[in-house]
Every structure is written in structure tokens, then in C-alpha cells.
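Asks: The structure is given below, and queries will be raised subsequently.
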Amino acid sequence: MIERARQIRRGLTETPLIPLADERCDLVVKLEFCNPAGSTKDRSALWILEQAIGRGEITQDTTVVESSSGNFALALAFYCRLLGISFVPVIDPNCNEATEAQLRQLCARVEKVSVRDSAGSYLKTRLSRVQELLVELDSAYWPNQYANPDARDAHYRFTAGELIAQAGPLDYLFVGVGTGGTIAGLSHRIKETYPGCVVVAVDTEGSVIFGGPPKKRRIPGIGSSIVPPLCGQALIDQVEIVSEVRAVEACGALFAKYGVYAGGSTGSSYAAVQDYFARHRPGAHRPRVAFLAADRGHAYARTVYDPTWVQQLRAEAASPAGVEALAAN
Ligand SMILES: Cc1ncc(COP(=O)(O)O)c(C=O)c1O
């Protein structure tokens, strides 16, 4: 099985790096949504599986169990299917319809929790269900994407390796943070190569990662209701917190201006670039700036790209109910 995993990885091609004509900086976006399972999570899912197979922690009889309501589950479902391993995703009601349907087709068993935890989130409930399944199943493996160093290493080796070769010297790198795996891997490799590169972590209002108060969040992928251990390993120079309304506006702008149809976390990163350089006007030197398009817009057709949903989001953001202390995931 290890040879098969290596073959799959060696067969992957690099994701494109696209220049965007920006007024203030030389801006490039790495289209991580061109990965086979559709997001940046392909990197960590395949590398985590390959490394665990290599260590003998996953065999043909193993069931992989993981808590994820989105891209990581989709990526694991895809690579587990290719490798002939069972996978049980533990999801929650925030999982979008299309993702849940895809997971139900690819996985014989899908566990959906429905009870919110003490923080008003589903994350802790999902993690408890994972622990129960690890006991219940005969041979189970939990990738633990929030703390697995192989997630960080995947981005160090592959995402960052490609970015450096494609982009050349960078002055700024903007990275959306969820589990912190992407920023932990990218920041180390980028600073080894370009020590002066400023790494900007992008988070969303309502996420507690950088110490803000929790509140309801609707855009998946970015933000967290826990402080993920991998995040502490990242080399972060600046933090930009972006509201969901701003992220949605930026998704629309990216699509209208450049045709890049991407998900909410990409909009947050693009908004962070715009907001940062509106405040820190570059001098004579036009900075070279990169960010990632983590996933495609299709899964967000009924949210980020739906005018009725956006109108509701704006109304909630403007009302006191919009600032209730309730985390979405
Ligand atoms: C769309 C999207 N953007 C950004 C991220 C953040 O990546 P990480 O979990 O490595 O911090 C994720 C993670 O799931 C994601 O799905």
C-alpha cells in the first residue's frame, strides 16, 4: 500500500500560480483548488495517510476516522477510496449539502453529530464522537488534523516548495488559518528561503485563534473555536482579522475582477491583502505578495454567492443578534 500512496503523490502536478493585476502590489494567487479533491487539504490528507502507512499505523484493515465538515473530509474520502481503506467522517449540521452528499457516496458510514457543546460549537462534540469510534472500531486511525505534524510538513514540503519555485522572492505571504497546518508549514519554509518575507495570518471575526471573543461564524475553513496546537508552531509576523461580510465582498471582487471563483477563506485572504495595503501604503518598491485560493466557490453557491444569504448576513452583522457569543464550529 505504501508504494501505491507514493505513486499517487508522485502523479500529482503542481497547482498554478496566477498573477493578478493589482493597483498596489505584485500580487500572485496559488490556486490550491486545482488539487484533485478540490482544496489545499489534499496536501495534508495524502501526506498524513502516506506517513501513517509507512509507519505501519494504517494497514488495509484500518478504518480512518476524522472530525471534519468540509475539505479535509473530502480529501480523506478521496485518497482513502484510492488506497482501498475505509473512512468514517464525523460531520455536523454546518456541513454543506453538496459536501455531505459527496461524503455519503464515498464513505460507507458517515457520523453526523447534532448536539452543540458548551461553547455553542459542534467541534468538541465531533471530537468526542471520534474518541468513541476509536474505541468501538477494531483497528482505527485518527489523523488528528489539529495537531498532526505531518499536516504541517505536507505544506512545508509541497505547497511551500512549489510556491518558492514558482513565485521567486516574496515580500509578503497571506495565509488563512483554520487548524494552522498550512501556515505552520508555509511560514517555516518561506522564512528559511526569504527571511525578510512578512507572514500575515488571516483569521475571521468570531474565531478565538488569536484571542478574539467567540461569536457565530458561518464561513467554513477559516477560524476556529479552539486554539489549534499547530498554530503555535507557525512563524507569524502580523494578524489580519476579517469580518464575514468583508470576506463575502472580497469573494465577489475576486470573481468579478479576475474570474477567480473561490471559497470564503480565499475571500478573507484577498480582503486582508487589500485592507493591509490600504493602511500600509507601499513606497517606491512594489511589494511582491502571495496568497492561496484554498477551495472553489461551487460549494458556496447557496451562501457566499447567494444574494439573499448575503443580505441576511449583512442584516445579522448590523443587529445585536449578530454579535451573540456563539461559535459556529
Ligand atoms: C477553505 C479552507 N481555507 C483555509 C483553511 C485553513 O487551513 P489550515 O487548516 O491548514 O489552517 C482550510 C482548512 O480546512 C480550508 O478548508
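The values are calculated or read from the model by the stated rules, or taken from the named source; none is laboratory data. Here the structure is a predicted model, which means the values were calculated and not measured. So basically every Cβ, Gly included, is an ideal-geometry build from the backbone, and we count neighbours across all protein chains shown.
Asks: Which numbered condition trips up Gln60, out of (1) crowded, with 22+ Cβ neighbours inside 10 Å; (2) outside any helix (DSSP H, G or I); (3) more than 21 Å from the chain's Cα centre (by Cα)?
Replies: Exception for Gln60: condition (1).
Asks: A follow-up question, please. Between Val242, Val260, Val227, which is β-branched (Val, Ile, Thr), at negative phi and surrounded by fewer than 16 Cβ atoms within 10 Å (Cβ to Cβ)?
Replies: Every option except Val227 fails the conditions.
Asks: Hey, another quick one. Residue under question is Ile53, and the condition is that it be touching a Pro at 6+ places or on another chain (Cβ under 6 Å) and either outside any helix (DSSP H, G or I) or not polar (S, T, N, Q) (or both); does it hold?
Replies: Judged against the criteria, Ile53 is not a match.
Asks: Which of the residues belonging to the range 30-63 are out of contact with any Ser or Thr (no Cβ under 6 Å at 6 or more places or on another chain), hydrophobic (A, V, I, L, M, F, W, C) and more than 13 Å from the ligand (Cβ to nearest atom)?
Replies: Leu46, Leu49, Ala52, Ile53, Ile58
Conditions (1) farther than 23 Å from Gly263 by Cβ; (2) at pLDDT 95 or above; (3) assigned to a loop (DSSP other than H, G, I, E, B); (4) among the basic types (Lys, Arg), marked per residue:
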residue	(1), (2), (3), (4)
Pro89	no, yes, no, no
Arg104	no, yes, no, yes
Leu134	yes, yes, no, no
Arg152	no, yes, no, yes
Thr159	no, yes, no, no
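Asks: Residues that are out of contact with any helix residue (DSSP H, G or I) (no Cβ under 8 Å at 6 or more places or on another chain), away from the ligand (no atom under 14 Å from the Cβ), over 28 Å from Gln51 (Cα atoms) and free of Cβ contacts under 8 Å to residues at least 24 places away in the same chain: does the range 119-134 have at least one?
Replies: Step one: filter the range 119-134 for residues out of contact with any helix residue (DSSP H, G or I) (no Cβ under 8 Å at 6 or more places or on another chain), giving 119-134.
Those left that are additionally away from the ligand (no atom under 14 Å from the Cβ): 119-122, 124-125, 127-134.
This time we only want the ones that are over 28 Å from Gln51 (Cα atoms), so: 119-122.
Retained after the next criterion (residues that are free of Cβ contacts under 8 Å to residues at least 24 places away in the same chain): none.
Looking through the range 119-134, none of the residues is out of contact with any helix residue (DSSP H, G or I) (no Cβ under 8 Å at 6 or more places or on another chain), away from the ligand (no atom under 14 Å from the Cβ), over 28 Å from Gln51 (Cα atoms) and free of Cβ contacts under 8 Å to residues at least 24 places away in the same chain.
Asks: While we're on this one: Counting only residues that are of a type in the set (A, V, I, L, M) and within 14 Å of the ligand (Cβ to nearest atom), how many does the range 255-284 have?
Replies: 4
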